[in-house]
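Worksheet: the structure to be examined is printed underneath.
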Amino acid sequence: MIYTLFIVFFLYNCKLNNFYIMKKISTFLLLLLVGVGFNTAFGQDSTPLYAGQKDNAPGNILTAFDTTDWSVISTVTMTSDFGSVEALHGITLDPITEEMYVLYESNGGTSWYRRLGTIDVLTGNITDIGQVGSGLYNDIDFTDDGTLYAMGSDWSGGPHDIADVDPATAAATTVYDPPSGSWGTSMCYDPFDDRLIRADRGGIYFIDPVGMTSSLLGSSGGETQGMAVLTDNTMVITHYSSRYIVDLTTGAQTYSGSWGFQCSALGFGAQPCEDLIVTASGEGGCVGDEYTLTAESVTGGEITWTGGIEDGVPFDPGSPGTYTYTPISDSEGDCPVDGPVTIEVVGLPTVLAGAGDLIFCEDESITLSAAGDANLYVWNDGDDLDLMPGVGTYTFDLVGFYTEGYCLGENDDEVTVEVVALPTITASASDDPICINMEVTLTGGGGEMYWWDNGVIDGEPYIPGVIGTTTYTVMGTDENGCSNEASVDVEVVDMIVIDGVTTIETVGDDGEIEITISGGAPTYTFDWDTDGTGDFDDDEDLTGLSAGDYTVVVRGTAGCESERTFTVKGQVGIDDLTADNVAVYPNPTTEFINIEFTGTFQYELVAINGDILVAGSATGKEVLDLKDFADGVYFVNIKNETAATTVKVVKK
């Protein structure tokens, strides 16, 4: 059994005995009762009436009475966090917060001054708020709109006014100052006629709280310490230890018995009621889950729920969100619930399966990505994934799970990827083989973009720098970004070198020239100037020659071409050394030169400034290496015992 709010009128120091039938129930009151959800019924168990004792009673005892027979329900000893409790001068229930407020006297401060606090009526503990105004106030009560009033005591010259009190700070503001007053005062609120009732030794007065006008009901019968309205026509007051019932129409007072102590404060508490036994099948879950809410009334009440659900019947709240449901009993003995039942509906997890740009090359591992708000993700039901499956189209399934919170549900998504074949890349050279220092163009095919090694740029002329066969590799990429390689070999051959031996003419037209070819790339073709030039249809060697000069051009398949002139001499002057019978070639040259002469000779390589760079002797032929010399003009001096000659050579 707990105490909960019975009716708005019971929220005040002047409380009614609900065993009586009220004569006036306004439309506003009915709407208010329904709106706040109170268990409103007149004729159920009465609310307790609390009575506090005077400072010489002792003053720290709080007693609860049943107003049907004035029997004692309970007693507690009051304590305060401010100081000791010497007396209680007012007690009332706040209709908004449902807290009990007290006007009490404590020696924790100035003696006899009155302080405001809230009290736990089950334990008697008072939480102090502060001194009420000047401190010389004798009673308090709430009106049904939540206004707290205090009544001055007129004790020792103090005020006998009515003040509006701030429940949070205890600050008091006078709103009505009666034309006359006397000590021994009390006050309460009459909820039936929305008026204040004030009493002192001079009489009992009705006060309109709107216009603050006063009208006399009748004699108070002496000093009044406490008062509370019971019905629409009766009020209970206390004169020290005596209890009287006052007729609010005639003012007549009827002795009702003794309190058993000197009473100085009266106020109604909350209506007793029974708690509903509320059960819920769950606090939350996934969207689509069902729940069952049940409320049991021990007093036999019929239960309805807010939100349109039925008691004990499974239901689906709907889309994700927070839902609240409150049970309502039609039994007057049931308490309203402290708060609604809350169900949290959670949507299924967001699951997003991804795989980059969705296109992968066959030599590339597929990269999968899982996103969303799930706590756990599983691909393909936990099977091992083949992320390099070969060319084709593949679909991967992703399931996301909530593993914590209200919803332990799952959701899924899938991603489809395509694995494409690598491009077939080709590599080609514009010429092969080629002669040293010649250009070659390397070109890739089968893709969109190409990258060559060895510094080659696709489709642009390139001059290899090394004699021999070099493998060039190209990386080609197609429109999917897939790459493959291809290679091409390019052979670079040396320049053609023409060596030869001449046979002198002795008896007429019997001279011969026999040549030997090195460098370049076979097959070689020959073009002698004996039958015109440019036809390259001649034999390699010549016979039946008369004395004279003969020039041959030798061409190889690599495009290399070289030229040399041979001199066939007659029987006379074979040892003469002239420019006609000395061969120096190739000229111009890039690296070396050949010196040929029939017989023994001496040679010098002379720079343009006259420095002798190389010198020596040879028979028949000598090869000079010029690779370590700068490009430019040089002179080759050749001599034997009888003659000398000089040939200009250009190195480039």
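Read the figures in this text as sums done on the coordinates, not as results from a lab. From a predicted model like this one, the values you see are computed outputs, not experimental measurements. Don't worry about glycine lacking a Cβ; one is built from the backbone with ideal geometry, like all the others, and counts go over all protein chains shown.
Rounded, prolate or oblate, given the Cα gyration tensor of the stretch 494-574, with a/c below 1.5 counting as rounded?
Details: a/c = 2.79, a/b = 1.99, b/c = 1.40.
Prolate is the answer for the stretch 494-574, as a/c is 1.5 or above and a/b outweighs b/c.
Compared with the direct C-alpha span, the chain from D631 to S84 gains 184.9 nm at full extension, assuming 0.36 nm per residue.
Ordering E99, E223 by the number of other Cβ atoms within 10 Å of each residue's own Cβ, fewest first, gives E99, E223. Reported value for the stretch 400-524: 141 Å³ per residue, from the convex hull of its C-alpha atoms. Within the chain, antiparallel bridges make up roughly 95 percent of the DSSP beta bridges whose residues both belong there.
What is the Cα radius of gyration of the chain over 2.2 N^0.38 Å, N being its residue count? Walk me through the numbers before you get to the answer.
Numbers: Rg = 62.0 Å, N = 652, 2.2 N^0.38 = 25.8 Å.
Here the answer is 2.40, to two decimals.
Measure nothing but the geometry: give the 0 to 90° angle between the long axis through the Cα atoms of 27-36 and the longest principal axis through the Cα atoms of the chain, rounded to 10°. Between helix and principal axis, roughly 50 degrees. For the stretch 351-420, a simple Cβ point-charge model (Lys and Arg +1, Asp and Glu -1, everything else neutral) yields a dipole of about 160 debye relative to the Cα centre. Under 5 Å from the amide H of L376 lie the amide H atoms of F401, T403, each residue being 5 or more positions distant or on a separate chain, with H modelled from the backbone and absent for Pro and chain starts. Loop-located GluC sites (Glu not before Pro) across the stretch 250-314 with a Cβ neighbour count of 13 or fewer within 10 Å are E283, E290, E302, E310, with loop assigned by DSSP.
Remark on the stretch 582-652: ratio of C-alpha radius of gyration to 2.2 N^0.38 Å is 1.01.
Sorting M449, M78, M475 on the 10 Å Cβ count, fewest up front, what's the list?
Working: M449 13, M78 25, M475 16.
Fewest-to-most Cβ neighbours within 10 Å comes out as M449, M475, M78.
Rounded, prolate or oblate: which one fits the stretch 69-138, using the alpha carbon gyration tensor with axes a ≥ b ≥ c (rounded when a/c is under 1.5, else prolate when a/b beats b/c, else oblate)?
On the way: a/c = 1.74, a/b = 1.45, b/c = 1.19.
Prolate, since a/c reaches 1.5 and a/b exceeds b/c.
Using the empirical formula 2.2 N^0.38 Å as the baseline, the Cα radius of gyration of the stretch 518-652 reaches a ratio of 1.13. Cα-Cα pairs above 16 Å in the stretch 255-325: how many percent? Within the stretch 255-325, distances greater than 16 Å cover 64 percent of Cα pairs.
Dimensions of the stretch 177-320 from C-alpha coordinates, computed as largest minus smallest value along each principal axis and given longest first, are 72, 38, 23 Å. Across the stretch 351-420, counting alpha-carbon atoms alone, Rg and Dmax equal 13.3, 45 Å. Projecting the Cα atoms of P272, A427, S220 onto the dipole axis of the chain, where Lys and Arg carry +1 and Asp and Glu carry -1 at the beta carbon, places S220 farthest toward the positive end.
Beyond 19 Å, how much of the Cα-Cα pair distribution for the stretch 426-493 remains, as a whole percent? For the stretch 426-493, the fraction of Cα-Cα distances above 19 Å is 27 percent.
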